[in-house]
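Enquirer: Dropping a structure here in structure tokens format, bear with me for questions.
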Amino acid sequence: MADSASQLALYNSALLLCGSRALVSLTENREPRYLLDTAWNDGAVDGCLEEGQWYFAMRTVQLDFDPAVQPTFGYRYAFDKPADWVLTAAVCEEEYFRVPLTRYFDEAGFWYADLQTIYVRFVSNDPNYGGALSRWPRSFYDLVAARLARKISFKISQDEATLKRIMDAEKAAKIQAKNRSHMADPTQFPAQGSWTRARQRFLNRRDGGNTSGNLIG
């Protein structure tokens, strides 16, 4: 998921928050390294990715239904969730994400719908998306470091004051990371509803297809 140099730097950022000595390598025979490995392998990064719709971790895919899965009732088609899926951002009927798909189920590792093809944007932990430390903005890096520090701090220090300080740092880092991520998002326009689209088609028929906005055809 991460190159060793970047992971070592992240570990040492977490240890700095804990007030513990830095690691020399990812193979150093010290308890803090074992604790950090446990927290890392226990999904600390995925937990942070689940906290928001991070632009640097966003992936868009076209999915065709899985013919091997045949629902017995309800929606007719099942779609496998990608292995790198962490959090759904949008499910739409078309590739430009202007028409949201509102009739679907999310259940047991599948999406179910009555369309044979759907389009999904999601937070990904793939090494080319959210799993790439080199793509993380500093604010998200700080959030992950604080999360790792919180998971190991009491075991290292046995000090509730240190744990409280790290929890406060994690809370502040989460707010900062979310604010930065929202600033990076492009301007969003609400998707047109079916009533609006139908009304526009009706008006276009009445004015002979004129879309200039003039009152005179």
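The values are calculated or read from the model by the stated rules, or taken from the named source; none is laboratory data. Everything numeric here is computed off the predicted structure, so don't read it as measured data. With ideal geometry, Cβ positions are generated from the backbone for all residues, glycine too; neighbour counts draw on all protein chains shown.
Enquirer: Which members of segment 66-96 meet the condition of being part of a loop (DSSP other than H, G, I, E, B), within 17 Å of the chain's Cα centre (by Cα) and surrounded by 14 or more Cβ atoms within 10 Å (Cβ to Cβ)?
Expert: K81, P82, D84
Enquirer: Pull up segment 32-62, narrow it to residues that are surrounded by fewer than 19 Cβ atoms within 10 Å (Cβ to Cβ) and over 22 Å from E170 (Cα atoms), then point me to the one that is nearest to the chain's Cα centre (by Cα).
Expert: The qualifying residue nearest to the chain's Cα centre (by Cα) is M58.
Enquirer: Could you please find all residues in segment 6-24 being hydroxyl-bearing (S, T, Y), modelled with pLDDT of 95 or more and more than 13 Å from L35 (Cα to Cα)?
Expert: S13
Enquirer: Moving to a separate point now. Across segment 24-42, what is the number of residues that are in a loop (DSSP other than H, G, I, E, B) and farther than 16 Å from L133 by Cβ?
Expert: Looking only at that region, the number is 7.
Enquirer: What's the number of the only condition in (1) among the polar types (S, T, N, Q); (2) in contact with a Cys (Cβ under 8 Å, 6 or more places away or on another chain); (3) surrounded by 18 or more Cβ atoms within 10 Å (Cβ to Cβ) that S157 fails to meet?
Expert: Exception for S157: condition (3).
Enquirer: Further, regarding this structure: Of the residues G52, G47, which single one is assigned to a loop (DSSP other than H, G, I, E, B) and not acidic (D, E)?
Expert: Of the residues listed, the single one that is assigned to a loop (DSSP other than H, G, I, E, B) and not acidic (D, E) is G52.
Enquirer: Sticking with this one: Just checking, how many residues over segment 83-100 are in contact (Cβ under 8 Å) with a residue 12 or more places away in the chain and aromatic (F, W, Y)?
Expert: 2
Enquirer: In segment 108-137, how many residues are touching a Ser or Thr at 6+ places or on another chain (Cβ under 8 Å) and basic (K, R)?
Expert: 1
Enquirer: Which one of the conditions (1) closer than 27 Å to K81 by Cα; (2) at pLDDT 95 or above does K151 fail to meet, given that it meets all the rest?
Expert: So the condition that K151 fails would be (1).
Enquirer: Would you confirm whether any residue within segment 98-115 is within 30 Å of L10 (Cβ to Cβ), modelled with pLDDT of 95 or more, in contact with a strand residue (DSSP E or B) (Cβ under 9 Å, 6 or more places away or on another chain) and not hydrophobic (A, V, I, L, M, F, W, C)?
Expert: No; the residues of segment 98-115 include none that is within 30 Å of L10 (Cβ to Cβ), modelled with pLDDT of 95 or more, in contact with a strand residue (DSSP E or B) (Cβ under 9 Å, 6 or more places away or on another chain) and not hydrophobic (A, V, I, L, M, F, W, C).
Enquirer: Give the residue, chosen from Y119, Y129, that is surrounded by 18 or more Cβ atoms within 10 Å (Cβ to Cβ), of a type in the set (F, W, Y) and either touching a Leu at 6+ places or on another chain (Cβ under 8 Å) or in a strand (DSSP E or B) (or both).
Expert: So the residue among Y119, Y129 that is surrounded by 18 or more Cβ atoms within 10 Å (Cβ to Cβ), of a type in the set (F, W, Y) and either touching a Leu at 6+ places or on another chain (Cβ under 8 Å) or in a strand (DSSP E or B) (or both) is Y119.
Enquirer: Please indicate, with yes or no, whether at least one residue in segment 1-13 is free of Cβ contacts under 8 Å to residues at least 12 places away in the same chain and within 19 Å of E170 (Cα to Cα).
Expert: Checked segment 1-13: at least one residue is free of Cβ contacts under 8 Å to residues at least 12 places away in the same chain and within 19 Å of E170 (Cα to Cα).
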